[in-house]
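Peer 1: Input: one structure, supplied below.
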Amino acid sequence: MSIIYNEPSLFLASEKEEFDDIIFPPGNLWSEEPALESDLHRKQIDLLIRLLEWWWRNRQNFYVSGNLTIYFNPNQKKSQDFRGPDFFVVLDTERKPRRSWMIWEEGKYPNIIIELLSPSTAEIDKGFKKQLYQDTFRTFDYFWFDPETLEFAGFHLVDGKYQPLEPNSQGWLWSQQLELFLGVHNSQLRFFSSDGKLLPTPEEVATEAETLLAKYREQFGELPES
């Protein structure tokens, strides 16, 4: 089986024709996503966003967000016309704040989506949304994670269909789009580099620096003045 490398975000010719006669809704629409299931869900989304923003802090060609509405049918604003993934990343786009993600303005769908399972959403995340992200969004990488039970699974788009990802020896799954592993660490979903290193938060980086400085002072005393 060959892997699809074309942009999942580009409109098909038939889709472009459909847009010609459409009166678009106003731009810059606000997100309409409901409150998150729990503190665990909120903290997990915040963690993933902060990790990737810190890892790619010198890049300006991506957008990462969570629990933000993606409007993908500009004809009408109905419940079936928009969805709000818990976490998503769009590559090769401008890094800037947004109120929502509008396909008819941005011109592309997410490259990777992560949904956080809960008793009220698991069936939809594993069924309807998985089908939607495969057939309509054509999102390359799709993962789900349950912050309560730690259930974790991932899929990659191959010949237009999602194929399950096989975990490595640590139980991590590879995201081709991010070129990172995803895996459970201390009961949270985290990113790992291709060589197996845990991607740190800014706070973890600062803590590590303080620890190294303390060890230096114990051995050599205060740092010399510059």
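Read-outs throughout are calculated quantities, based only on the coordinates presented, and are distinct from any laboratory measurement. Because the structure is a prediction, the values reported are computed rather than measured. A quick note on method: Cβ atoms are made from the backbone with ideal geometry, for glycine too, and the neighbour counts reach across all protein chains shown.
Peer 1: Please say if segment 36-170 is rounded, prolate or oblate, where rounded means a/c under 1.5 for a ≥ b ≥ c the square roots of the C-alpha gyration tensor eigenvalues, and otherwise the choice is prolate for a/b larger than b/c and oblate otherwise?
Peer 2: Judged from the Cα gyration tensor, segment 36-170 comes out rounded (a/c under 1.5).
Peer 1: Ok, one more. In segment 99-226, if the dipole is taken from +1 on Lys/Arg beta carbons and -1 on Asp/Glu beta carbons about the Cα centre, which of F220, G107, H185 is farthest to the positive end?
Peer 2: G107
Peer 1: Let me ask another. Starting from the Cα of R95, step 7 Å along the direction of its Cβ; do the same at L40; then give the gap between the two resulting points in nm.
Peer 2: 3.2 nm
Peer 1: Now for a separate question. When all alpha-carbon pairs of segment 114-226 are counted, what percent fall beyond 22 Å?
Peer 2: Roughly 48 percent, once rounded to a whole number.
Peer 1: Sticking with this one: Any idea how far apart E105 and I124 come out in nm if each label point goes 7 Å out from Cα toward Cβ?
Peer 2: 2.4 nm
Peer 1: If amide H atoms are built 1.01 Å from N in the plane of the peptide, which residues on other chains or at least 5 residues away come under 5 Å of the amide H of L180?
Peer 2: Amide H to amide H, under 5 Å and 5 or more residues apart or across chains, L180 pairs with S175.
Peer 1: Next up: About the Cα centre, and with charges only on the beta carbon of Lys, Arg (+1) and Asp, Glu (-1), how big is the dipole of segment 96-226? Nearest 20 debye, please.
Peer 2: So the dipole magnitude of segment 96-226 works out to roughly 500 debye.
Peer 1: Rank-order 100-106, 112-118 by packing density, defined as the average count of other C-beta atoms within 10 Å over each peptide's residues, highest first.
Peer 2: Going by the mean number of other Cβ atoms within 10 Å, highest first, we get 112-118, 100-106.
Peer 1: Quick one: length gained pulling D159 to Q134 fully straight, 0.36 nm per residue minus the C-alpha distance?
Peer 2: Once the chain is fully extended between D159 and Q134, it gains 8.0 nm.
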